[in-house]
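Colleague: Take a look at this one; I'll ask things after.
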């Protein structure tokens, strides 16, 4: 049996072999050459992706057509899942900076997997949630930088809560 390419990614390292085999069975490997579009802003979501190798630039088209980079996606990241979770259209575009090898999971398989009451479904949904939290933290940090604000510390957050406790 060939080892899953997912095994090399830190977020998938603890997945049992049989779960990785199931994921490999529903994912399709795609290779995007540099400067090719993987996701286009405002399109309907057809799939989510796990970046196996390469770099992907996340951009947003602004009014007037200008694009601004929101950051790079590194290997191991899951991207394109938000529109699958909420049924909306793509909020950003994703373009390969270097040759990008991705594992594609279709919208139907993504739904079946994230809605399944199985250990694999729970593990995969937790990965998606962790990626969303990482993205949210980066976005909050970027907003703070753009606004000239110092990043919030745990003490700042605790001080804003009655009783001063995070628990």
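The values are calculated or read from the model by the stated rules, or taken from the named source; none is laboratory data. If you're wondering where the values come from, they're calculated on a predicted model, not measured in any experiment. Cβ sites come from the backbone with ideal geometry, for glycine too, and all protein chains shown count toward neighbours.
Colleague: Among 94, 129, which is the only one that is in a helix (DSSP H, G or I), within 26 Å of residue 32 (Cα to Cα), at pLDDT 75 or above and out of contact with any helix residue (DSSP H, G or I) (no Cβ under 7 Å at 6 or more places or on another chain)? Spell out the reasoning first.
Modeller: Working: 94 fails: in a helix (DSSP H, G or I).
The match here is 129.
Colleague: Looking only at residues that are touching a helix residue (DSSP H, G or I) at 6+ places or on another chain (Cβ under 9 Å) and buried (at least 19 other Cβ atoms within 10 Å of the Cβ) in segment 21-57, which one is farthest from residue 118 (Cα to Cα)? Talk me through it step by step, then tell me what you get.
Modeller: Restricting attention to segment 21-57, the residues satisfying the condition of being touching a helix residue (DSSP H, G or I) at 6+ places or on another chain (Cβ under 9 Å) are 22-24, 26-27, 29, 39, 43-48, 50, 52-53.
Checking which are buried (at least 19 other Cβ atoms within 10 Å of the Cβ) leaves us with 23, 27, 39, 45, 47-48, 50, 52.
Details: 23: 13, 27: 18, 39: 29, 45: 24, 47: 21, 48: 20, 50: 20, 52: 24 Å.
This residue is 39.
Colleague: What is the number of the single condition among (1) over 18 Å from residue 113 (Cβ atoms); (2) touching a residue at least 12 places away in the same chain (Cβ under 8 Å) that residue 80 does not meet?
Modeller: The failed condition is (1).
Colleague: Kindly list, by first and then second residue, each pair from a residue in segment 121-143 that is in contact (Cβ under 8 Å) with a residue 24 or more places away in the chain to a residue that is part of a helix (DSSP H, G or I), limited to pairs with Cβ atoms under 7 Å and residues at least 6 apart or on different chains.
Modeller: Between residues of segment 121-143 that are in contact (Cβ under 8 Å) with a residue 24 or more places away in the chain and residues that are part of a helix (DSSP H, G or I), the close pairs are 123/19; 124/113; 124/114; 127/11; 128/114.
Colleague: Mind checking which residues of segment 99-123 are under 27 Å from residue 36 (Cα atoms) and surrounded by 13 or more Cβ atoms within 10 Å (Cβ to Cβ)? Talk me through it step by step, then tell me what you get.
Modeller: Looking only at segment 99-123, we keep the residues that are under 27 Å from residue 36 (Cα atoms), and these are 99-111.
Across segment 99-123, the qualifying residues are 99, 100, 101, 102, 103, 104, 105, 106, 107, 109, 110, 111.
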